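Quick notes on the structure that follows.
The values are calculated or read from the model by the stated rules, or taken from the named source; none is laboratory data. Bear in mind the structure is a predicted one, so any value in this text is a computation, not a measurement. Cβ sites come from the backbone with ideal geometry, for glycine too, and all protein chains shown count toward neighbours.
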Amino acid sequence: MTQIIDHGKWQLYRPDRLPEQAPPNALFARREGDGVDWYDYVNEGHNFSPDTVKFTAFWQDLHNGWTIGAATRDVTRLFPAGQLVRELTEFYGSDPQAELEVKRYDPDSNTLHDLPTLSQGRSLEARLAAIEARLGLGG
């Protein structure tokens, strides 16, 4: 049975002291809640299974939800600042990125869904009108 494992929401941060080998412009992410560093979490070697698909999800107002960003079997290819990190235990496709980047992630039900197309949702004009109204630009 397919499971989606929650690895938390991650944010950018600057450590008090850079690791010895880190360049001065290195980027760092830590998990909200416990503050664990992304590189430490990945390098522990036991937080992710090698055969699963790991993915990030970012908030997208257009879809009013979390959209899949990167999707890969190699966790070292992810940098999750400002995103959720999840792990899909069973994936039978050949290209996780191509097959999952068209998905939306619902953290409440822990499920993946197809992104709505314009024909499934409001028209582009209706969306633009809603944005303009929100910004006070409608007239």
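Descriptive notes on the structure:
- Failed item in (1) in contact with a Phe, Trp or Tyr (Cβ under 9 Å, 6 or more places away or on another chain); (2) over 30 Å from GLU132 (Cα atoms), with GLN83 passing the rest: (2)
- You will find that of VAL36, VAL85, the residue that is more than 16 Å from the chain's Cα centre (by Cα), at pLDDT 95 or above, among the β-branched types (Val, Ile, Thr) and surrounded by 11 or more Cβ atoms within 10 Å (Cβ to Cβ) is VAL36 and no other.
- For THR67, the conditions (1) touching an Asp or Glu at 6+ places or on another chain (Cβ under 9 Å); (2) touching a residue at least 60 places away in the same chain (Cβ under 8 Å) are fulfilled apart from (2).
- In a residue-by-residue description of region 95-108, the property of being closer than 19 Å to ASN47 by Cβ, surrounded by fewer than 15 Cβ atoms within 10 Å (Cβ to Cβ) and either out of contact with any Asp or Glu (no Cβ under 9 Å at 6 or more places or on another chain) or not charged (D, E, K, R) (or both) applies to at least one position.
Residue-by-condition table, conditions (1) touching a residue at least 12 places away in the same chain (Cβ under 8 Å); (2) under 17 Å from TYR105 (Cβ atoms); (3) buried (at least 18 other Cβ atoms within 10 Å of the Cβ):
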{"position": "PRO15", "(1), (2), (3)": "yes, no, no"}
{"position": "ALA29", "(1), (2), (3)": "yes, no, yes"}
{"position": "ASN47", "(1), (2), (3)": "yes, no, no"}
{"position": "ALA57", "(1), (2), (3)": "yes, yes, yes"}
{"position": "ASP61", "(1), (2), (3)": "no, yes, no"}
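- A single member of LYS54, LYS9 is assigned to a strand (DSSP E or B), at negative phi and in contact with a Phe, Trp or Tyr (Cβ under 7 Å, 6 or more places away or on another chain), and it is LYS54.
- When each of VAL42, VAL53 is tested for being under 17 Å from the mean Cα position of the chain (by Cα), surrounded by 11 or more Cβ atoms within 10 Å (Cβ to Cβ), closer than 27 Å to GLU101 by Cα and touching a residue at least 40 places away in the same chain (Cβ under 8 Å), the lone residue that passes is VAL53.
- Number of the exception - PHE91 against (1) at pLDDT 95 or above; (2) touching a helix residue (DSSP H, G or I) at 6+ places or on another chain (Cβ under 9 Å); (3) farther than 30 Å from LEU128 by Cβ: (1)
Okay, residues lined up against (1) at positive phi; (2) modelled with pLDDT under 95; (3) not basic (Lys, Arg):
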| site | (1), (2), (3) |
| --- | --- |
| ARG14 | no, yes, no |
| PRO19 | no, yes, yes |
| ASN25 | no, yes, yes |
| ALA29 | no, no, yes |
| VAL42 | no, no, yes |
| ASN64 | yes, yes, yes |
